[in-house]
1. Take segment 16-31 and flag every residue that is surrounded by 10 or more Cβ atoms within 10 Å (Cβ to Cβ) and modelled with pLDDT under 80.
2. Give me the pairs, please: first residue somewhere in segment 52-67 and at negative phi, second residue anywhere and surrounded by fewer than 12 Cβ atoms within 10 Å (Cβ to Cβ) and among the hydrophobic types (A, V, I, L, M, F, W, C), beta-carbon distance under 8 Å, and either six or more positions apart or on two chains.
3. Quick check on segment 43-79: of everything there that is in a loop (DSSP other than H, G, I, E, B) and closer than 17 Å to Asp28 by Cβ, which residue is modelled with the highest pLDDT?
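The values are calculated or read from the model by the stated rules, or taken from the named source; none is laboratory data. Treat the numbers as computed from the prediction; the structure is a model and nothing was measured. No Cβ is skipped: glycine too gets one built from the backbone with ideal geometry, and neighbour counts run over all protein chains shown.
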Amino acid sequence: MTPRSVSAKAATIPLGTVQPDSKARLKDQFHEVACFKHLSPRTEGTYWEWVVRYLQFHKARAGDWLHPRDLGRQALLPVGWGTFPA
């Protein structure tokens with residue numbers, strides 16, 4: 001039997017094994033997943049700040065708040081990249 005390398009923490013567990021409450025606020029969903037992945041409170045706070053800046057950027061572009069599920073694939077590209085490669 002060949003030895004398997006195991007990554008640190010539970011971050012390697014597939015996200016499909018946790019289903020955050022879809023009726024909860026986005027921050028509560030984020031907190032639930034961060035707890036599942038055993039992120040430290042400081043890391044969770046930093047990641048949440050990134051999420052807020054990301055949403056504020058897209059609010060400025062669209063003129064209104066958009067939920068991440070409504071942003072679509074193009075929102076993941078850096079500005080000026082055009083489209084995903086085929």
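1. Val18, Gln19, Pro20
2. Close Cβ pairs (under 8 Å, with a partner that is surrounded by fewer than 12 Cβ atoms within 10 Å (Cβ to Cβ) and among the hydrophobic types (A, V, I, L, M, F, W, C)) amount to Leu55/Trp65; Lys59/Trp65.
3. Trp65
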